Amino acid sequence: MLQSKLFTKTVKDAPKDEVAKNASLLIRAGFIDKTMAGVYTYLPLGLRVLKNIEKIIRDEVNKAGGVEILMPSMQPKENWEKTGRWETMDDLYKISDSSGRESALGATHEEVVVPLVKKFVSSYKDLPLYVYQIQNKFRMELRAKSGILRGREFMMKDLYSFHKDEEDLKKYYEVMKQVYKNIFERAGIGNETHLTFASGGSFSKYSHEFQTITPAGEDTIYVCNDCGVAINDEIINEQKECPKCGKANFKTEKAIEVGNIFELKTKFTEAFDLKYKDEGGMDMPVLMGCYGIGLGRLMGTIVEIYNDDRGIIWPESVAPFDVHLILLNESLRSTSGEIYESLQKAGVEVLYDERMGKSVGEKFADSDLMGIPYRIVVSEKSMEKGGVEFKKRSEEESSIIKKEDILNYVKKVQ
């Protein structure tokens, strides 16, 4: 992509109304734009990151048997009344049309997916079933001060599993633990992210969160020094020992919740009378699990972890481009153009800063702020030294490599 065609611009100063580092950096770098509190537009660079995160999630969920659908954001009031959540869910957006008909803007989709599945599941032969979507959610968030970590409109992957018994539910629940671990590792935050025990409420003894350690976190977790799992702040007074290894050796950390999984069991299937006939023809209740990841929240968490005083440092797996190619001298435009074309033909995603009228300092500042993993600079100075300047965003030192070796070098470091 030519940077001159990128209609967005970087901003030198942080927005005065943003206190979260993720929002400040993403706005300054031209990845997102604030529409109002808790609501953001994803600009071309930000959308590319979001799509890369989406690709990782979709790949891992599909490998675990997930079947993708897309459910509506507008949901009938009657369904929410059946589950009792029309009156009890405090952050539910309720809307009405000119006729007075009331609907909900989807904060979650149990009220849609269960009656949907009821139309297709009647026998034990139809189970298990795993359906998911990647779609916008709406929640009346009164504390929308954390950038894209806590929004009023946000994109989520929500998967719902349907089972004939608890044994099958627990088996898939364990599968999803590994799926989430894979997702966070591929997104670059695996080492900082801990499986965290939380209260299961009315569903089961425990549910589980995936919490990523960062000083920007709003949650407090207690990480076991022996096995690495954690307990969240709500259950630590009742759970004095690690539920995995039995030790009582914790360290206290601030963290961001990047995903959660629940055993819903029959809470929602009973509300809609979703049953199946077993091998003997008896009606039996269908059990459920649900598994959520907020894509924007994951993106914001990555930014909170990977940054320095110059800007963002994207992990390669989610970066908007692999390489930032920068032309400094007009006399070398044809040379840099050839490099751009060869990288593109090889499948390398490149942002090509071919703009003139920008100083060297401005171009380098933009590049550091955007955080693309690798930078290639084409200049008269680099050519005099034998090639082009190659630098990793995460490192301070650069090196000169031969123009004809660029493709091999890029492939080597990826």
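The values are calculated or read from the model by the stated rules, or taken from the named source; none is laboratory data. Note that the coordinates shown come from a computational prediction; the quantities given were computed from them, not determined experimentally. Every residue, glycine among them, receives a Cβ derived from its backbone with ideal geometry; neighbour counts consider all protein chains shown.
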Notebook entry, point to check: Given the residues Thr252, Thr301, which is the only one that is among the β-branched types (Val, Ile, Thr) and surrounded by fewer than 22 Cβ atoms within 10 Å (Cβ to Cβ)?
Noted result: Thr252
Next item on the list: Being basic (Lys, Arg) and either touching a helix residue (DSSP H, G or I) at 6+ places or on another chain (Cβ under 9 Å) or under 20 Å from Phe262 (Cβ atoms) (or both) is the filter here, so list the residues in the stretch 57-113 that pass it.
Entry: Lys63, Lys77, Lys82, Arg85, Lys94, Arg101
Item checked: The lone exception for Ile27 - which of (1) under 30 Å from Asp368 (Cα atoms); (2) over 18 Å from the mean Cα position of the chain (by Cα) it fails -> (2)
Next item on the list: Considering every residue within the stretch 136-154, establish whether at least one is within 27 Å of Lys94 (Cα to Cα), in a helix (DSSP H, G or I) and aliphatic (A, V, I, L, M).
Entry: yes
Checklist line | The listed residue being under 27 Å from the mean Cα position of the chain (by Cα), of a type outside the set (Gly, Ala, Ser), closer than 30 Å to Gly188 by Cα and in a loop (DSSP other than H, G, I, E, B), out of Lys251, Lys244 | finding: Lys244
Item checked: Members of the stretch 94-138 found to be free of Cβ contacts under 8 Å to residues at least 24 places away in the same chain and hydrophobic (A, V, I, L, M, F, W, C), listed by number -> Ile95, Phe120
Next item on the list: Kindly indicate whether any position in the stretch 305-315 is acidic (Asp, Glu), farther than 23 Å from Pro373 by Cβ and free of Cβ contacts under 8 Å to residues at least 24 places away in the same chain.
Entry: no
Checklist line | Check on Tyr276, in contact (Cβ under 8 Å) with a residue 60 or more places away in the chain, more than 27 Å from Ile57 (Cβ to Cβ) and hydroxyl-bearing (Ser, Thr, Tyr) | finding: yes
Notebook entry, point to check: Do we find that Arg186 is of a type in the set (Lys, Arg), at pLDDT below 95 and crowded, with 19+ Cβ neighbours inside 10 Å in this structure?
Noted result: no
Check: Filtering the stretch 65-89 down to residues that are over 24 Å from the mean Cα position of the chain (by Cα) and among the acidic types (Asp, Glu), which residue is surrounded by the fewest Cβ atoms within 10 Å (Cβ to Cβ)?
Finding: Glu87
Check: Can we say Leu25 is under 21 Å from Asp353 (Cβ atoms), crowded, with 18+ Cβ neighbours inside 10 Å and at pLDDT 95 or above?
Finding: yes
Next item on the list: Give the stretch 197-233 a look and list any residue that's closer than 20 Å to Glu304 by Cα, in contact (Cβ under 8 Å) with a residue 40 or more places away in the chain and either touching a Pro at 6+ places or on another chain (Cβ under 8 Å) or in a strand (DSSP E or B) (or both), or say none.
Entry: Glu209, Phe210, Gln211, Thr212, Ile213
Note to self: Exactly one condition in (1) touching a helix residue (DSSP H, G or I) at 6+ places or on another chain (Cβ under 7 Å); (2) farther than 28 Å from Ile32 by Cβ; (3) among the small types (Gly, Ala, Ser); (4) surrounded by 16 or more Cβ atoms within 10 Å (Cβ to Cβ) is false for Gly311; which is it?
What the structure shows: (2)
Check: Hey, which of the helices (runs of 4 or more DSSP H) in the stretch 17-101, taking only ones fully inside, have at least 2 residues that are more than 20 Å from Asp158 (Cβ to Cβ) and either touching an Asp or Glu at 6+ places or on another chain (Cβ under 9 Å) or assigned by TED's automatic domain parsing to the domain that holds Gly217 (or both)?
Finding: 21-28, 44-63, 77-83
